[in-house]
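Following: one structure in structure tokens, then a few remarks.
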Amino acid sequence: MQGKFLTIEGAEGVGKTTNIDFIRQYLTSAGIDFIATREPGGTPLAEKIRELLLDAKQTAVSADTELLMMFAARAQHLAEKILPALEKGQWVICDRFTDATYAYQGGGRGIDTQRIAQLETWVQGSLRPDLTLLLDVPVELGLERAGNRSEPDRFEREKIDFFQRVRACYLERAAQEPQRFRVVDAARDLIEVQARIKQVLDEVIGA
Ligand code: T5A
């Protein structure tokens, strides 16, 4: 049986890493065989592409270069890790996937959605996530949470209106595909956020 493909999305500092730890614990205790991975990255080559993409010293990256590097990393990640796991029946929990490309390179950088869709079909064929958890917080709160951690990477150096466009694009995609997306109000206390995530996972396991 093919495993399930779950992606976790949201703008900066929404709590993906924190809540993926919770999802790992939940799936382990439910006896589900899974791998957890991330984008950009997830394999040695794709992690090298990630380093280049996030490097704050790379100040002259064109939007198209950024887009193609995201999909280059994704093609490797799919071939080497995601597809083999799904074929073995494992669940794949992925911290960001192609919705992030629509949100950041499409909404944020202004690249035409049709061009992203062409690359999506080329690289993924018909593969789409079974379920996408969109963690949503007001941009200011997300940046404040992210800012408390480490030096800003190349994306985190963007201005607030870039992240407003990213968030708007995510919410628009969620509204367009309500069967696939579950939007979680991640501005709430962690305990409430995780109760909602548990509800969603119970629903998926029960399905
Ligand atoms: N990107 C990626 C693209 O542009 N296109 C693409 O196609 C893809 C795949 C790297 C960058 O790549 C871009 C987008 C990104 O800019 P990333 O590393 O996943 O991707 O990006 P980040 O958003 O920077 O991920 P982070 O790991 O930095 O943030 P998280 O995981 O969302 O947040 P987390 O869990 O570290 O939480 C931040 C802080 O908030 C606290 C946590 O304890 C932590 O201190 N927190 C809460 N506090 C109070 N209440 C809650 N409910 C809380 N939840 C978390």
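The values are calculated or read from the model by the stated rules, or taken from the named source; none is laboratory data. Bear in mind that the values here come from a model prediction, so they are computed numbers and not experimental data. Neighbour counts are summed over all protein chains in view; Cβ atoms, including those assigned to glycine, are modelled from backbone coordinates with ideal geometry. Each accessible area value is taken on the protein alone, full model and side chains, heavy atoms only, with ligands, DNA and RNA left out. Shrake-Rupley method; radii C 1.70, N 1.55, O 1.52, S 1.80 Å.
See the values below:
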{"quantity": "Estimated dipole of region 5-206 in Debye, rounded to 20 [Cβ of Lys and Arg +1, of Asp and Glu -1, Cα centre]", "calculated": "180 debye"}
{"quantity": "Accessible area per residue in Å² at 1.4 Å probe, computed on region 1-106", "calculated": "42 Å²"}
{"quantity": "Proximal aspartates and glutamates to K57, defined as alpha-carbon separation beneath 15 angstrom and excluding residues fewer than eight positions away on the same chain", "calculated": "E66, E151, D153, E156, E158"}
{"quantity": "Listed residue pairs exceeding 21 Å between alpha carbons, taken from K16/K198; K4/K198; K4/K81; K48/K159; K48/K81", "calculated": "K48/K159"}
{"quantity": "Distance histogram in 10 Å bins (all Cα pairs of region 5-206, percent per bin)", "calculated": "8, 36, 40, 15, 1"}
{"quantity": "Zero-based 5 Å bins, Cα pair distances in region 106-203, whole percents", "calculated": "2, 11, 16, 20, 21, 16, 11, 3"}
{"quantity": "Trypsin sites (Lys or Arg not before Pro) within region 151-191: DSSP coil, no more than 14 neighbouring Cβ in 10 Å", "calculated": "R157, K159, R188"}
{"quantity": "Portion, in percent, of the accessible area of region 5-206 that falls on carbon or sulfur, probe 1.4 Å", "calculated": "52 percent"}
{"quantity": "Given charges at Cβ of Lys, Arg, Asp, Glu: the chain dipole, positive-most of I8, A195, V137", "calculated": "I8"}
